[in-house]
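Working notes, beginning with the structure itself.
What follows is calculated from the coordinates using simple rules that are stated; it is not laboratory data. These numbers were taken from a predicted model, which means no experiment stands behind them. Cβ placement follows ideal geometry from the backbone for every residue including glycine, while neighbour counts extend to all protein chains displayed.
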Amino acid sequence: MLLFGLHLCAVTRGWHNQNLPGHEFRQAQTALSTYFIQQERNFSPAYPTPVLGKPWSVPFEFPLYQWTVAGVADATGWPLVTAARGVSMVCLYLALPALWLLLGALRVERRSRWIVLGFALLCPVHVFYARAFLIETMALMFSLWFLASFARSLSGGGRGWAAVATVAGIGAGLVKVTTFAVVLMPAAVAVLVLLWRRWRATGARAERWRRLLALAGHALGLVAIPVGVSVAWVRFADHVKAMNPAAQFATSTNLVAFNLGSWTDRMDPALWGGQAANVLQGVAGPAVLALGLLALVGARGGRGLALVAVGTFLAPLPVFPVLYKVHDYYFVANAVFLLGGLGLAVAALLVRPGWRWFGMAALVVLPVLQAHSYWRHYGEWQAQPNPPGSQLTEILPKITDASDVLIIAGYDWNATIPYYARRRALMFHGGTQDSGLVDKCYAALAGERIGALVLNGAERENRELLATTCRRFGLDPRPAFGIYDDDVYVPVAVRPSTLEFLRTVPVAALRLPAPVDDETPWWRGIEVQVSVLPSVIRRSFRGFAPEPVRSEATFDYSCTEADGESLFSVHPTTRLWFRPPAQHCNLETSYLIYGGAYEGKAPGERTDGVQFTLYAQRPGGGRRVLFERLLDPAQRGSDRGRQTLALDLEFTEGEELVLETTAGPAGNWAYDWAALGPLTLRAAATP
């Protein structure tokens, strides 16, 4: 009880802090899912994890933990982080009776069982991650209950224990299949030992085969349903992930190399060094391992079972080498076996003459060493009252709406920004080099309002991504603000109010544009949605029917009147994108180069011509030229004055009409004062 009290005190240090110390990347993913499950009341197996764009579901584990946390938060009114800590801690404590029963099934006497439970409680990762927003302790709870009931059922425990084994196995496989795999290893060894014993038992050969088949069938029956359900869940999760273009990397097939590692990984000394560092930090320090080794040497009666327990601890390390190197919390799944083995060895010393004094000393010293290791590596970190999130995640919720989506590049798919900002997000695993993937992700966001674009680190110089994002979602291509290594862009419509708000925010690291914004107009020289242009600029398109959907102008948009008609400036380079109203259309327009561009001017001080081109742009890229003409009034009299154009056009599905002006053959756009008259594009009359 003393050790239980110490564990409870340690776990609850910093209990009400809302930050997520310890692999915040992974905790934030679980927390983000739980937040949106709670907010949307979405208790579907295809639960939301809105970090990789639309569709928002990227399921890994079955969301039993997330559902439980959301339910506890609803029932108690606790913040999600507090509810998650409560669920994780209770799951660890509910795993202890299963460990007790397992030791009983292995015929370990009561005093030794108490020692094992005490050692397991004070394992540093069992303190630190028993309060994390992670599935680890729930997976451990189900796994230990499976193992205990599996052992009881094999030893003649009846249908009740078989039912418990089946239910617990299903829970373990669904919540975290790698933790379930850990306990399947000793379960398999136990079955093989029992099979060997029954084969070696006396009796007729036929009778021995009958007993062997009965035992094998019994064991397979206990495992078959949990494994089958786990496999079915993985397939379902893969199907859901495959629907999201940004989540293809996360399917089970694509994660095999990471989950199981390669032979190259296994030959890398750095990998084993990383695993060893995690063991020494989170499971048992050097002094604990040294004392434990001495205890194993001195133990007699309990040495065999202790060595099996230590072997169970070691077995997953080469099976999942990268996972156990990268994540110290993975040791929550198997640390209990190492500490259990050391506990059994110490307990055996207490009844061995000549070694009892060492056993008594180890019984006192080992928990003290474990407590010191926890305090050294985790204690101060855990209790630190750091504010949740960052200054960026404090600002984002104040300048975006709850239904807005964030686009974030440069943070991989780290969910900390979406979680602390409480916003859905599109993030890019592995960067934004794949423009095709970016296009698919952006197409999936059709109909969503983008609240902000966050570019971090090297992505701040990604002008192509910036231009594409601004064009598709109506963002202003000038940063609204910067903070540390981030630049943040917001929609054109809200940039003025955002800047006004940000100038009241007392954050020293905030970088804001100059109060007087005399920069070049943001829309100059980029492809932009016409709908997001200021109304005074958009009025320049009044001579077009329909209005262009997108436009690009190297200089500026302007419109003049001539002979009662509007003339729209198309100084090279200008592009206008139109959406055809029908498959067959009639186009009528006029175009010209103003006389002042060539009349009475010497060569070198006049236009050398403007290329007018009409083409159909295909959805997948490429163009189909419909009309082109170089207008050069300085050289050809027939090119002077207004030129009329009437075309019958035919489009395929998804094609857009683009009108483009470019400089003449020499590429010199000086004095290329071109204009476009009223333009109409209407469906052709049915014959």
Worksheet item: Taking the simple approach of a point 7 Å from Cα along Cα-to-Cβ for both Asp74 and Arg422, what is their distance in nm?
Response: 1.8 nm
Discussion item. Within 15 Å, Cβ to Cβ, of Met243, how many net charges do the neighbouring residues add up to if Lys/Arg are +1 and Asp/Glu are -1?
Written reply: +3
Worksheet, complete the sentence: HN-Hα couplings for region 399-415 via Karplus (6.51, -1.76, 1.60; θ = phi - 60°), in whole Hz with x for Gly/Pro, come out as 10, 10, 8, 4, 8, 6, 10, 9, 9, 10, 10, x, 10, 6, 10, 5, 7
Discussion item. With just the Cα atoms defining each centre, how far is region 425-441 from region 609-671? Give it in Å.
Written reply: 33 Å
Worksheet item: Any idea what the dipole of the chain comes to, in debye rounded to 20, about its Cα centre with Lys/Arg Cβ at +1 and Asp/Glu Cβ at -1?
Response: 4740 debye
Worksheet item: By how many nm would the segment from Thr680 to His239 lengthen if fully extended, with 0.36 nm per residue of separation less the alpha-carbon distance?
Response: 154.1 nm
Worksheet item: For Thr251 and Tyr484, what is the calculated FRET efficiency with R₀ set at 35 Å and r taken between the beta-carbons, to the nearest 0.05?
Response: 0.55
Practice prompt. Round to the nearest 0.05 the FRET efficiency obtained for Ser531 and Ala315 when R0 = 45 Å and r is the Cβ-Cβ distance.
Written response: 0.15
Worksheet item: Under the classification rounded if a/c is under 1.5, otherwise prolate if a/b is larger than b/c and oblate if not, where does region 46-118 fall, given a ≥ b ≥ c as square roots of the Cα gyration tensor eigenvalues?
Response: prolate
Worksheet item: What shape does region 22-383 take by its C-alpha gyration tensor, where a ≥ b ≥ c are the square roots of the eigenvalues and a/c under 1.5 counts as rounded, a/b above b/c as prolate, and the rest as oblate?
Response: oblate
Item to complete: Would you calculate, for the chain, the mean residue ellipticity at 222 nm contributed by helices, counting each DSSP H stretch of 4 or more residues as -39,500 (n - 2.57) and dividing by all residues, to the nearest 500?
Response: -15000 deg cm²/dmol
Discussion item. Checking the a/c ratio against 1.5 first, then a/b against b/c, what shape does the Cα gyration tensor give for region 528-683?
Written reply: prolate
Worksheet entry | Nearest-20 debye value, region 391-511 charge dipole, Cβ charges on Lys, Arg, Asp, Glu | 320 debye
Worksheet item: How many percent of DSSP beta bridges within region 391-511 run antiparallel, rounded to 5?
Response: 55 percent
Worksheet item: Picking from Val51, Pro603, Ser535, whose Cα lies most toward the positive end of the charge dipole for the chain (charges on Cβ: Lys, Arg +1; Asp, Glu -1)?
Response: Val51
Practice prompt. Would you pull out the residues with amide H under 5 Å of Ala46's amide H, same chain only if 5 or more places away, H placed 1.01 Å from N?
Written response: none
Item to complete: Pop the C-beta distance of Ala206 and Arg159 into the FRET formula with R0 = 30 Å and round what comes out to the nearest 0.05.
Response: 0.65
Worksheet entry | Angle between the chain longest axis and helix 335-349 axis [Cα atoms, degrees, rounded to 10] | 20 degrees
Fill in: the chain - convex hull of alpha carbons, volume per residue in Å³
224 Å³
Worksheet item: Once the other residues with Cβ under 15 Å from the Cβ of Ala73 are scored (Lys, Arg +1; Asp, Glu -1), what is the net sum?
Response: +1
Fill in: Beta bridges by DSSP in the chain, antiparallel share as percent, to the nearest 5
85 percent
